[in-house]
Amino acid sequence: MTVLYRTYRPQKWSDVVGQDHIVSVLKSAISGKHVAHAFLFSGSRGTGKTSVARILAKSLGMADEDIYEIDAASNRGIDDIRHLREHVSVLSFSSPYKVYIIDEVHMLSKDAWNALLKTLEEPPAHVIFILATTELNKVPETIISRCQTFTFKRPTRDVIRTHIISIAKQEGYILDPGAADLIALLGDGSFRDALGTLEKVIASSSAKKITRGEVEAITGAPNAQLVNSFIENLIAKNADTAIKTLSEVEQASLSINTFTTLVLEKMRFIFLLQNSPSSKDYIKDRISEDDWRFILAQAGNKGVTAHTLSVLLEAADQIGRARIESLPLELAVLEMVK
């Protein structure tokens, strides 16, 4: 099977998902013939930076032989940029421009930055640079000031969820709401990572309809039973059993961070249902039938408060910085059952 993220990589402007603010500006610049000589695309991984760079190049009438892609992580030295500077002076083969797409540009060495700056200051009329980075803070201000900059948004879970449901359907599979939502969560704001997870799930599934339970089993994500047990014991103020559940998560080598996110999401849904019954349809569209029955039952207990969610949110923020990953959540349990 072909890698999904390559098969479904955007090929034209209408294929780009979640970056309308960038697409509209670039399309207007091209139609008005006001194209900058250097662009800087920044944003987290898997948000479409290099795909948009390729579409921009193609929209300018570029032939493949006049589009050059450079991985700055592997070509980061002064000699690499010197070679590029010598190359840019040569006219294009059959296109109005030569386009250089430099990915992970923040990886360039200091000397390489200085060499690139000289080219950006006085670029040949037939050359366009498109720089892409996941770490804008590492790009020198002198470079940024000479580029037209665009910040790619991190897609929401809903955007990724809709995208992978559509792609799964094109591949002949149906994702139940809980499965789609878990894959979107595991994608962590990256279309590429979400499609990688979807591909793994499809390759391992024997059925055309994929459930959340299958996704949990295939990806190693914390299962619903552990999440539900933790929430039930929190609401019942049973600290000992709640902490025991955390021990089970650790012993199974599951991600505490992912577990906490799943707990937060379900507790948020319980809280919404307790305080805003009109949110029922919004919640049901995103979860499995089993999860809906669990959330409905817990909402009747009125055991989730704004304070509960605030304590959990604070713990979630601390997990990545804690020397013992589960400790913030253990402290949160003790705080919530007082």
* To do: Test residue 259 against the stated conditions and say whether it is under 30 Å from residue 3 (Cβ atoms) and aromatic (Phe, Trp, Tyr).
  => yes
* Structure fact -> Counting only residues that are in a helix (DSSP H, G or I), free of Cβ contacts under 8 Å to residues at least 60 places away in the same chain and either of a type outside the set (Lys, Arg) or within 28 Å of residue 114 (Cβ to Cβ) (or both), segment 55-76 contains a total of 5
* Condition check for residue 66: at pLDDT 90 or above and more than 27 Å from the chain's Cα centre (by Cα) -> yes
* To do: Look through segment 186-202, keep the residues that are closer than 17 Å to residue 169 by Cβ and over 8 Å from the mean Cα position of the chain (by Cα), and return whichever of them is surrounded by the most Cβ atoms within 10 Å (Cβ to Cβ).
  => 198
* Tally time: how many residues in segment 40-50 are in a helix (DSSP H, G or I) and either surrounded by fewer than 22 Cβ atoms within 10 Å (Cβ to Cβ) or free of Cβ contacts under 8 Å to residues at least 24 places away in the same chain (or both)? -> 1
* Given the conditions (1) of a type outside the set (S, T, N, Q); (2) over 23 Å from residue 163 (Cβ atoms); (3) free of Cβ contacts under 8 Å to residues at least 12 places away in the same chain, report the number of the one that residue 20 does not fulfil. => (2)
* **segment 209-235, residues that are modelled with pLDDT of 90 or more and outside any helix (DSSP H, G or I)** => 209, 210, 211
* Got a number for residues in segment 255-287 being under 23 Å from the mean Cα position of the chain (by Cα), among the hydroxyl-bearing types (Ser, Thr, Tyr) and farther than 16 Å from residue 309 by Cβ? -> 3
* residue 93 is checked against (1) within 30 Å of the chain's Cα centre (by Cα); (2) surrounded by fewer than 13 Cβ atoms within 10 Å (Cβ to Cβ); (3) hydrophobic (A, V, I, L, M, F, W, C) and fails just one. What number does that condition carry? -> (1)
* Asked: Does segment 21-39 include one or more residues that are in a strand (DSSP E or B), modelled with pLDDT of 95 or more and in contact with a Lys or Arg (Cβ under 6 Å, 6 or more places away or on another chain)?
  -> no
* Asked: Which of (1) under 25 Å from residue 337 (Cα atoms); (2) within 20 Å of the chain's Cα centre (by Cα) does residue 248 not meet, given it meets every other one?
  -> (2)
* Qualifying position, being outside the structural domain of residue 171 (by TED's automatic domain parsing), more than 28 Å from the chain's Cα centre (by Cα) and in contact (Cβ under 8 Å) with a residue 60 or more places away in the chain, among 37, 87 -> 37
* Would a scan of segment 132-141 turn up a residue that is aliphatic (A, V, I, L, M) and surrounded by 20 or more Cβ atoms within 10 Å (Cβ to Cβ)? -> yes
* Within segment 256-338, which helices (runs of 4 or more DSSP H) (wholly inside it) include 3 or more residues that are surrounded by 14 or more Cβ atoms within 10 Å (Cβ to Cβ) and not basic (Lys, Arg)? -> 256-275, 289-299, 306-319, 327-336
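The values are calculated or read from the model by the stated rules, or taken from the named source; none is laboratory data. Not measured: the values here are computed from a predicted model. FYI the Cβ positions are ideal-geometry reconstructions off the backbone, even for glycines, and counts take in every protein chain you see.
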